[in-house]
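Trainee: First the structure, which I've put down as structure tokens, then a few questions once you've had a look.
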């Protein structure tokens, strides 16, 4: 069986990263884990104090002096990885105890790159703000269906053979959408897999300002990465702004269709959080338009 390294980028994550690390150390297949690397650039005075409380010989904490993007944190962690399979987990995500077992089974069957399904934790199942973020950001990776080939997976919960990671030179230096560009590079040479049985739970923001900022950021970098990656007239100047209403209608139909197909439980929770979901779409749209006029030289950090 292949050896595994977990890599966790962290910034002021003291409220959530404890859940992340505990879930990794409690994995039923933890014997296959060679090391767990946290690349931390926190300046809150609390996160590093919390990290020091974890006494595990396989845990390595890399402390940086200034705030670092998740992409750079993951790339730095990959250089220290002792395993042949890299597992990238965000500091606001925790794993089901069988997550690694399902990932290793998928890897044995030929899945070299992929991710598991994403749910809101039990303590956020009644939070409209949390559920709106789940359906805005992770409607393609809900816990439903069978293992299947996909084009993109989120980096909050991703596995990748180290050899392939090095082949595409890791994550690009973008503040957001770095996982999308990473996958678009990988899918040219290998299939990417979604493994629903490998479940993780994302702890979502529960403050309005954080929610607003994040949706704007995500929308902005959707526009930016497409302009950089595709190099098409469609993504330059005023053209994406003119065509944006049609793009937004198509996007909204696709998301609603995915959630409807995911089953009654998901669709009822989607309707329960629909007002906040629509507000998130508004912020996301503002970010997209903002991204159309961003200076590409100032976005790689």
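Trainee: Test each condition in (1) assigned to a loop (DSSP other than H, G, I, E, B); (2) in contact with a helix residue (DSSP H, G or I) (Cβ under 8 Å, 6 or more places away or on another chain) for residue 53 and report the one that comes out false.
Mentor: Here residue 53 clears every test but (2).
Trainee: Let me ask something else about it. Any idea which of 98, 75, 55, 157 is surrounded by fewer than 23 Cβ atoms within 10 Å (Cβ to Cβ) and under 18 Å from the mean Cα position of the chain (by Cα)?
Mentor: 75
One line per residue, one yes/no per condition, for (1) closer than 19 Å to residue 99 by Cβ; (2) out of contact with any helix residue (DSSP H, G or I) (no Cβ under 8 Å at 6 or more places or on another chain); (3) not in a helix (DSSP H, G or I):
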residue: 141; (1), (2), (3): yes, yes, yes
residue: 146; (1), (2), (3): yes, yes, yes
residue: 163; (1), (2), (3): no, yes, no
residue: 174; (1), (2), (3): no, no, yes
residue: 184; (1), (2), (3): no, no, no
residue: 188; (1), (2), (3): no, yes, yes
residue: 195; (1), (2), (3): yes, no, yes
residue: 198; (1), (2), (3): yes, no, yes
residue: 205; (1), (2), (3): no, no, yes
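Trainee: Given the residues 230, 234, 260, 270, which is the only one that is at negative phi and within 21 Å of the chain's Cα centre (by Cα)?
Mentor: Sole residue among the options that is at negative phi and within 21 Å of the chain's Cα centre (by Cα): 270.
Trainee: Still on this model: Here is a list of conditions, (1) modelled with pLDDT of 95 or more; (2) crowded, with 19+ Cβ neighbours inside 10 Å, and residue 263 meets all of them except one; can you say which number that is?
Mentor: With (1) modelled with pLDDT of 95 or more; (2) crowded, with 19+ Cβ neighbours inside 10 Å applied to residue 263, the lone miss is (2).
Trainee: Looking at residue 132, is it outside any loop (DSSP other than H, G, I, E, B), closer than 25 Å to residue 282 by Cβ, touching a helix residue (DSSP H, G or I) at 6+ places or on another chain (Cβ under 8 Å) and in contact (Cβ under 8 Å) with a residue 12 or more places away in the chain? Step through it out loud before you land on a result.
Mentor: On the way: outside any loop (DSSP other than H, G, I, E, B): yes; closer than 25 Å to residue 282 by Cβ: yes; touching a helix residue (DSSP H, G or I) at 6+ places or on another chain (Cβ under 8 Å): yes; in contact (Cβ under 8 Å) with a residue 12 or more places away in the chain: yes.
Yes: the conditions hold for residue 132.
Trainee: On to the next question. Give 149, 117 a once-over and let me know the one that is within 25 Å of residue 2 (Cβ to Cβ), modelled with pLDDT of 95 or more and buried (at least 18 other Cβ atoms within 10 Å of the Cβ).
Mentor: Just one listed residue meets the conditions, 117.
The values are calculated or read from the model by the stated rules, or taken from the named source; none is laboratory data. What you are looking at is a predicted structure, and each value in this text was computed from that prediction instead of being measured. Neighbour counts are summed over all protein chains in view; Cβ atoms, including those assigned to glycine, are modelled from backbone coordinates with ideal geometry.
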